[in-house]
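J.: This structure is in structure tokens; I'll ask about it shortly.
Read the figures in this text as sums done on the coordinates, not as results from a lab. Predicted model only: the values in this text are computed from it and were never measured. Neighbour counts are summed over all protein chains in view; Cβ atoms, including those assigned to glycine, are modelled from backbone coordinates with ideal geometry.
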Amino acid sequence: MTIRHLLTGAAALAFLAAPGVAFAQTAAEPAADIDLDVRADNSEMSEHDKLFALFADSDARSLELNPLGRLFRGDDTNADRLGDFLTDAAFYAGLRDTQLNVALLEQIDRSKLSATDKLAYDVFLYNQEQSLKGSTPEIRALTEVRPLNHFSGLHTFYPNFASGTGAAPFRTLAHYEDNLSRHDDYIAITDRSIAKFREGMETGVLETKLTIGNVVEQLNTQLAVPIAQSQFMGPTTMFPADFSPADTARLTAAYEAKTKEIYAAHTRLRDFLRDEYLPVAREEVGLSQMKGGEKLYAQMIESTTTLPLEADTIHQLGLSEVARIKGELEALKAEVGFDGTLTEFFDYVRTDPQFKPESREALTQSYYDIGERVDAKIGELFSLVPKSQLKIEPYDPSIEQFSAGGSYQSGTPDGSRPGTFFFNAYDLPSRLTTGNVTLYLHEGAPGHHFQISLAQENEDLPAFMRFGGTTSYVEGWALYAETLGYEMGFYEDPWARYGTLQDEQLRAMRLVVDTGLHSKGWTRDQAIDFMLENSGMTRTEVVAEVERYIAIPSQALAYKIGALKIQELRERAEAELGDAFDIKAFHAQVLNTGGLPLPVLEAKIDRWIAGGGG
């Protein structure tokens, strides 16, 4: 799971990327006609120059609408704004930008582009088409009225972002003033969320009792923190040494007053959701049981996987993979000499103290140790490595209960802020250390940290390829990275191998459970039982996973679908290139052009194979 988010934070990515969350639409208001004459005359430019001029222009227009994305690139232009999320004006500005991008792209002769430029052309066109598909009145009517839940909500991302330890800079007086101004946007967005929920109450398109109940609990937890100890007051504990006493006193008072306003906004949202929305929210957890949900889920599958897959096809693939991996776990059980059923074997690992972290500090140290071992092996498989450093730290305790087992937050392109691998230390007795290696390979190196950092450090790529990416590629690469532990020798230890098989099983079960919940009418308990029966996950872990799939349908499909495609491409390259196959060159080809749609990646690797794999 990434905090990138365009790669921002896990919650921010979900908030910004979820259809209908970023902007609202009034069906009666049409998009304005596109005036191509506003573009500069480019008749004398080459097709390459036209293409990259369009990319630069599109990126500049996008950043004007998304100052938050700018901040994550290390650019504090317009840093006093979060953005006009959930407003009609912002939605239509974004829609007009997309329509303009398509119109201008049609003026470029693709046949005159180089192979690399054609790749960029295809990715850009794909992105615009997907944006338009997610912006239709029919789809938006099913999404914009559900602006947040416990997994995709600005309320789960913004406190850390504004704390002084997140991506926002706090080096100057202007930075501190910008943060206060962003608080005003955050409060306005919070209140707009209430208005959007009310629209859904009128149209009958509703979130679930489960997800909204979790949001209420999240807000209760945040509101229980004394204002003086709030993350929003964090910047006042780290004033730069050159700030005058008068400035620190003034800013401290301003931050306290603004934090009280944020608490009041959180209270308004909490009270509305608890007292008005929860009583009418839907009991059923699957999209197919929501008004219009079946069509929405089909659109989300295509958007997430970048492939035209049917829910039933994915479900059956998942069942097949679950059975295969379960067989490997049976073999491992025999290898370690456990005398009992597979379920009893799972229970043994779940409960034996040797597999439990001793403390938050010990868990942190274990990841430091894994990082050193990975660093010693990485050169055997990669010639292309990021310049950005990697930090390792646990989630803040205020958000860890509803957070994933781990996540990654990107650093800045220039390396001034390192990437960060976050791990979950909530309810330590329920955590297992067997999966630590796999989690590090996925979220850290060579998983998300490599893929995201290498893309954004590559200044030869257009910005949308440096800072964007499809979920199936991004998560598919990270899952593929887990399998490299075999080649690094980490899984010679049977318990580490147990951990990676369990993690692979998790991704296989996601295919079954996500489609089960959202296309086959499965209940929450049915999904939980399936995962407990087919893996060694603890109930705490399973509940968090299932409630994540309920909150963000289709996202969990990306991991296994993407990884299977990358593994398929590697096997094809090995078979066709034979002795000429170079694993370092293959990895460079997969990584050096950002997070491609899977069909575009496949075409690229096929061209590379045809060219001899150089």
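J.: Please give the FRET efficiency for Val543 paired with Arg250, using the beta carbon to beta carbon distance and R0 = 41 Å, rounded to the nearest 0.05.
T.: On the way: r = 46 Å, r/R0 = 1.12.
Efficiency for this residue pair is about 0.35.
J.: Filter the trypsin sites (Lys or Arg not before Pro) in the stretch 347-449 down to the DSSP loop ones having no more than 14 other Cβ atoms within 10 Å, then list what survives.
T.: Working: sites: Arg350, Arg360, Arg373, Lys377, Lys387, Lys391, Arg431; in loops: Lys387, Arg431.
Those satisfying the criteria are Lys387.
J.: In whole Hz and in residue order, list the ³J(HN,Hα) couplings for the stretch 553-560 that follow from phi through the Karplus curve 6.51 cos²θ - 1.76 cosθ + 1.60, θ = phi - 60°; x for Gly and Pro.
T.: x, 6, 4, 6, 6, 5, 4, 5
J.: A follow-up question, please. Read phi for every residue in the stretch 598-614 and hand back ³J(HN,Hα) as whole Hz from Karplus 6.51 cos²θ - 1.76 cosθ + 1.60, θ = phi - 60°, with x for Gly and Pro.
T.: 4, x, 6, 4, 4, 5, 5, 5, 4, 5, 5, 5, 4, x, x, x, x
J.: Taking 0.36 nm per residue of sequence separation and subtracting the Cα-Cα distance, how much length would be gained by fully extending the chain between Lys326 and Gln567, in nm to one decimal?
T.: Result: 84.8 nm gained on full extension.
J.: Here's another thing I want to ask about it. Run the numbers for Glu283 and Lys387: contour at 0.36 nm per residue of separation, minus the present Cα-Cα distance, in nm. It would help to have the intermediate numbers written out before the result.
T.: Numbers: separation 104, 0.36 × 104 = 37.44 nm, distance 4.83 nm.
Answer, rounded to one decimal: 32.6 nm.
J.: Also: Can you pull out the chymotrypsin sites (Phe, Trp or Tyr not before Pro) in the stretch 159-254 whose DSSP state is coil and whose Cβ has at most 16 other Cβ atoms within 10 Å?
T.: Numbers: sites: Phe161, Phe170, Tyr176, Tyr186, Phe197, Phe232, Phe243; in loops: Phe170, Phe243.
Those satisfying the criteria are Phe243.
J.: Okay, next question. Rounded to the nearest angstrom and ordered from largest down, what semi-axes does the equivalent ellipsoid of the stretch 41-117 get from its C-alpha gyration tensor (root of 5λ)? Intermediate results must be reported in sequence, preceding the final value.
T.: Working: eigenvalues 161, 46, 17 Å².
Each semi-axis is √(5λ); the values are 28, 15, 9 Å.
J.: Which whole number in µm²/s is D for the stretch 250-338 by Stokes-Einstein, with the Kirkwood Rh taken over Cα pairs at 4 °C and 1.567 mPa s? Before the final figure, lay out each step's value.
T.: Details: Rh = 18.6 Å.
It diffuses with D of about 70 µm²/s by this estimate.
J.: Spelling out what I want: for every residue of the stretch 110-115, take phi, set θ = phi - 60°, compute 6.51 cos²θ - 1.76 cosθ + 1.60 (Karplus), and round to whole Hz; glycine and proline get x.
T.: Per-residue couplings from phi come out as 4, 5, 8, 8, 6, 4 Hz.
J.: Another question, if that's okay. What is the spin-label model distance, in nm, from Glu358 to Glu492 if the labels are put 7 Å beyond Cα along the C-beta direction?
T.: In this crude label model, Glu358 to Glu492 measures out at 2.5 nm.
J.: Under 27 Å Cα to Cα from Lys326, which lysines show up? Leave out anything in the same chain fewer than 8 places away.
T.: Excluding near neighbours in sequence, the set is Lys356, Lys520, Lys560, Lys565.
J.: List the relative contact order of the stretch 228-366 as a percent without decimals, with contacts defined as Cα pairs under 8 Å and 6+ residues apart.
T.: Numbers: 36 pairs, mean separation 12.3, N = 139.
Reported relative contact order: 9 percent.
J.: Would you kindly calculate the mean projected area, averaged across all directions, of the convex hull enclosing the Cα atoms of the chain, in square nanometres? Intermediate results must be reported in sequence, preceding the final value.
T.: Details: hull surface 111.7 nm².
Taking the Cα atoms of the chain, their convex hull projects to 27.9 nm² on average.
J.: Return the long-range amide H neighbours of Lys391 (sequence gap of 5 or more, or a different chain), with a cut-off of under 5 Å between placed amide H atoms.
T.: Gly419, Thr420, Phe421
J.: What is the distance, in nm, between label points placed 7 Å from the Cα along the Cα-to-Cβ direction at Glu129 and at Ala603?
T.: About 0.9 nm, to one decimal.
J.: Here's something else I'd like to know. I need the Debye-formula profile for the stretch 196-312: one equal scatterer per C-alpha, no solvent, reported as log10 I(q)/I(0) at q = 0.12, 0.13, 0.17, 0.21 1/Å, two decimals.
T.: -0.67, -0.72, -0.89, -1.09
J.: Loop only by DSSP, 14 or fewer other Cβ within 10 Å of the Cβ. Give me the GluC sites (Glu not before Pro) in the stretch 421-485 that pass, ordered by residue number. Write out the running numbers ahead of the final one.
T.: Details: sites: Glu443, Glu457, Glu459, Glu475, Glu482; in loops: Glu459.
Here the GluC sites (Glu not before Pro) that fit, given the DSSP loop and packing criteria, are Glu459.
J.: Compute the projected area of the convex hull of the Cα atoms of the stretch 565-610, averaged over all viewing directions, and report it in nm² to one decimal place.
T.: Result: a mean projected hull area of 2.8 nm².
J.: Okay, moving on. Given N residues in the stretch 469-582, what is its alpha carbon radius of gyration divided by 2.2 N^0.38 Å? Display every interim value, and only then the final one.
T.: Details: Rg = 15.9 Å, N = 114, 2.2 N^0.38 = 13.3 Å.
Against the empirical 2.2 N^0.38 Å value, I get 1.20 for the stretch 469-582.
J.: Quick one: if you stick a label point 7 Å off each Cα along the C-beta vector at Ala264 and Ala610, how many nm between them?
T.: 6.5 nm
J.: If I stretch the segment between Thr165 and Asp339 completely, what's the gain in nm (0.36 nm per residue apart, minus their alpha carbon distance), one decimal? Spell out each step's value before the answer.
T.: Values: separation 174, 0.36 × 174 = 62.64 nm, distance 4.90 nm.
Result for the pair: 57.7 nm of gain on full extension.
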